[in-house]
Amino acid sequence: MLSRENRVIGASVALLVAIALVVLPVAEDTLGLALSDQPLAAFVLFAGLAVLGPQLYLARTDEEISPRTRVRFAVVVSAVFALTFAEPGAVDWSEGTALLADLETLQHAVLVVVAVGSLVGLVCYEFVAGYRDRVVST
């Protein structure tokens, strides 16, 4: 028998596959939107359904593994996926506000910022949590 965790993750992956096989081709044919041209939307769909959704749901409802561990895993894997979907070389950071002119370059920049910001936020959170644990234990 499958564990509850495996059923939740399996259901989210099955939903992702169903969307990829049914919804995305219809959207591409009717609207002319290709997910391969939209890296930010692809990241939100893939990382949201395959990683963030199940892990945050299980962090809220599962009592076997600590919620803090699940959130840490979700943040790190989401950052890795954000860097995978982004092309940091496609962004010229010296352009400043010219990044706003090209939508695809802006999406790549947002993905890099999401990845770096989530990792920096996780490190800051861990420092604060460690400090609070140390202060309380002394």
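No lab work stands behind these numbers, since they all come straight from the coordinates. In this text, all values refer to a predicted model and were calculated from it rather than measured experimentally. Virtual Cβ from ideal backbone geometry, glycine too; neighbours counted across all protein chains shown.
Values as computed for the structure displayed
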quantity	calculated
Enumeration of residues in the range 51-64 that are surrounded by 12 or more Cβ atoms within 10 Å (Cβ to Cβ) and closer than 17 Å to G10 by Cβ	V51, L52, G53, P54, Q55, L56, Y57, L58, D62
Helices (runs of 4 or more DSSP H) fully within the range 1-95 counting 3 or more residues that are within 21 Å of L122 (Cβ to Cβ) and of a type in the set (D, E, K, R)	67-85
